[in-house]
Amino acid sequence: MPVAHVALPVPLARTFDYLIPAGMQVAAGCRIMVPFGKREAVGIVVSVSEKSELPLSDLKPVADVLDGASLFPPSLWRVLLWAKDYYHHPVGDVLFHALPILLRQGKPAHHAPLWYWFATDEGKAIDLNSLKRAPKQQQALAAVRQKNIWRHQVSEMDISEQGLQALRAKGLCDLKSAAPATTDWRDDYSVAGERLRLNTEQATAVGAIHSAADHFSAWLLAGITGSGKTEVYLSVLENVLAQGKQALVLVPEIGLTPQTIARFRERFNAPVEVLHSGLNDSERLAVWLKARSGEAAIVIGTRSSLFTPFCRLGVIVIDEEHDSSYKQQEGWRYHARDLAVYRAHAEDIPIILGSATPALETLHNVQVGKYRQLRLTKRAGNARPALQQVMDLKGQPLKSGLAPALIQKMGQHLKADNQVILFLNRRGFAPALLCHECGWIAECPRCDHYFTLHQGQRQLRCHHCDSQRAIPNQCPGCGSTNLVPVGMGTEQLEQSLEPLFPGVPLSRIDRDTTSRKGALEQHLAEVHRGGARILIGTQMLAKGHHFPDVTLVTLLDVDGALFSADFRAAERFAQLYVQVSGRAGRAGKQGEVVLQTHHPEHPLLQTLLAQGYDAFASQALVERQTVFLPPFTSHVIFRAEDQNNQQAPLFLQQLRNLLESSPLRDEQLWIMGPVPSLQPKRGGRFRWQILLQHPSRARLQRLISHSLTLVNTLPESRKVKWMLDVDPIEG
């Protein structure tokens, strides 16, 4: 009997063998039901063969087949199996991560029938006036008498589901199901919205990408903020869709780009689907199915959208390709940007990486000829470059963290009826709560990290493990009630600005104020209507938004980024500075960017302000090469956690000994550790790590593949939780 080698969603780097009963058709990429322990589980067939390493008599048979054919197109299947090996992650985790939750649970991989409301014969015959005491029912019956109403459209039609249910109870209307109609958008595809006239640089970029549209090519679209990168994407997609092909557009965080999504939907008379965490499981499955069948023309989504199957994929776009949110930080730690390039290669299609501040890895790939660079150096329309100013805070009498000269400057911009952005990448009221009498500081016992004070909710919150507690009335150390906030967060900044600028409307945009569905869109609409004149925000404000009336942008607290233990901190700060400053002066008005610091002479600031991001990036790449840091070497981190701070370092030392004794080790391998992680305790667990560095990615991969087969033989391996991070971006 043939044997199915099956991946199950368990953290084990192996497949499980099952017999395929006679007459049952099973192929790689299909889901099947198999007995696993005392239950039945959904599995994905990785391969089928005639033999097993176990005696056939020991194997259990497959219980049921859920799919007649593979759920994964061949190119995506190859990408996933390659990624499993590259990131050294269990195959079950990788394959199940690529499926919507309902498919992981065994639900059918086809559209569920749609239900619609219709008027019964009795409902058509009844006099509507007989329902005048129930106006909602009267209104609902009038609507369904005119035409049948799809259930999912009821909320859009100003009638209530309750009213329809009441009519159903009276026998006046009822529900019926129908198979969803499939339409081919290619039959009446057109460009609906107005095209902006491309400048020479934009037209050159579109032409270059179009000339290589029938095979793999990787393009870095490096355009200064406001140079019209989105218009280039739209023009490229216009060509792709005209050929009947589909497009995948990855964005860092879906909530930050409502304007971009609106532009795509306005431009194309074709289905634009959006995949993000706000969708429920049924909605996610529906988008997945539409992309696979070819019904969706464009899918816009965050990093996991990369695994969406397409019928005719023609291009991949990665917007803000430098953004760290493309790197998954839990479980399977893949980097969506890097995997997207591999997928484009597997699909033999072009990929566009767009950014005003490209990652150093991407710039290095341009230098070595793997990617081709297209530059956009002019701001779209008549927008002028923003003026830049550094304010030295040393010796200044600060008010709410603001220098007197900055407060004066804000007043001038507001008087001219413009908007001002204050950027502070620290949400909450204050980053710490301190006892003024004895010096006690409220600390999260699970993380050894200070609690953040959230005054509005009367809570202390840990921003690392999410634990919360009420603000104490008195100090647990000395009993004093003199507890004072230390430092400044966005919530406190909002409160302290009200007396400084009385009557000026404020809007705070951070994760706390935009957690409700639709809250971010409401805030942004208010800003565009001109309601809020002062915008206070975290990193959420830095990306992709177009605020025509903003003329002053201020970064309030940058010194932490200039003196960080993380070698990537300078790159992240430079990217953030350019992104934030790009919000100023976007509609013909002169913009101004002010940066407050105690260290105006810092070389990074000097290079960035005097010569721009390109000069900074060139200098940073030279420095990285000098000290053998990525992208000139490859990094892999092994992390281990325990609850007593003893087994994790012991396990990692045993692992280090194993790696050093490997026959594949050479002189160029450098190992650091075991050392505590940059955040040594989180969620009650102590965290340690070892870092491996090698100039050859392939040699490092071979060493790890060889060593991983032996890791579970180490005495401490079962006493700790350990994980592997290939190409880490955090220490």
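The values are calculated or read from the model by the stated rules, or taken from the named source; none is laboratory data. Predicted model, so just to flag it, every value in this text is computed and none were measured. Methodologically, a virtual Cβ is constructed for each residue, glycine included, from the backbone with ideal geometry; neighbour enumeration extends over all protein chains shown. Remember, those area values only see protein heavy atoms, side chains included, never the ligands or the DNA or RNA. Shrake-Rupley method; radii C 1.70, N 1.55, O 1.52, S 1.80 Å.
Values computed for the structure shown
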item: Additional length obtainable on full extension of the chain from Asp348 to Leu114, 0.36 nm per residue less Cα span; result: 80.6 nm
item: Helix-only [θ]222 nm of the chain, DSSP H runs n ≥ 4, -39500 (n - 2.57) each, per residue, nearest 500; result: -9000 deg cm²/dmol
item: Computed E for Phe567/His152 - FRET, C-beta separation, R0 41 angstrom, nearest 0.05; result: 0.25
item: Length-normalised contact order of the chain in % [C-alpha pairs under 8 Å, at least 6 apart]; result: 10 percent
item: GluC sites (Glu not before Pro) restricted to segment 1-90 and DSSP loop, no more than 16 other C-beta within 10 Å; result: Glu50, Glu53
item: Spin-label model distance (nm) - Arg458 vs Gln408, 7 Å beyond Cα toward Cβ; result: 4.3 nm
item: Near-label residues of segment 223-253 by backbone N, under 11 Å of a point 7 Å along Cα→Cβ of Ala213; result: 235-246
item: Carbon and sulfur %, accessible surface of segment 404-512 computed with the full protein complex present, 1.4 Å; result: 46 percent
item: FRET efficiency for Trp82 and Ala416, using Cβ-Cβ distance with R0 set to 60 Å, rounded to 0.05; result: 0.60
item: Computed lengthening from Thr626 to Met33, 0.36 nm per intervening residue step minus Cα-Cα distance; result: 208.0 nm
item: Cα-projected label distance for Gln329 with Ser717, points at 7 Å along beta-carbon direction, nm; result: 2.9 nm
item: For segment 328-472: accessible area per residue (Å², 1.4 Å); result: 46 Å²
item: Probe 1.4 Å - accessible area at Cys444, Å² to nearest ten; result: 0 Å²
item: Segment 292-399 - percent relative contact order, Cα under 8 Å, separation 6 or more; result: 23 percent
item: Efficiency of FRET from Cβ geometry, His436 and Cys311, R₀ 51 Å, rounded to 0.05; result: 0.20
item: Cleavage-rule hits, trypsin sites (Lys or Arg not before Pro), segment 85-147, DSSP coil, Cβ neighbours within 10 Å at most 13; result: Lys132, Arg133, Lys147
item: Heavy-atom surface of segment 583-715, accessible at 1.4 Å and reported per residue (Å²); result: 46 Å²
item: GluC sites (Glu not before Pro) restricted to DSSP loop in segment 254-348 with at most 16 other C-beta within 10 Å; result: Glu330
item: Overall form of segment 592-731 per C-alpha gyration tensor (a/c, 1.5; a/b vs b/c); result: oblate
item: Simple Cβ-charge dipole of the chain, Lys/Arg +1 and Asp/Glu -1, about Cα centre, in debye nearest 20; result: 780 debye
item: Segment 1-98 - percent of accessible surface contributed by carbon and sulfur, probe 1.4 Å; result: 58 percent
item: Listed pairs Lys245/Lys290; Lys327/Lys370; Lys327/Lys721; Lys681/Lys721; Lys107/Lys721 exceeding 25 Å between Cα atoms; result: Lys107/Lys721
item: Gained length - Ala178 relative to Lys394, 0.36 nm times residue gap less alpha-carbon distance; result: 70.7 nm
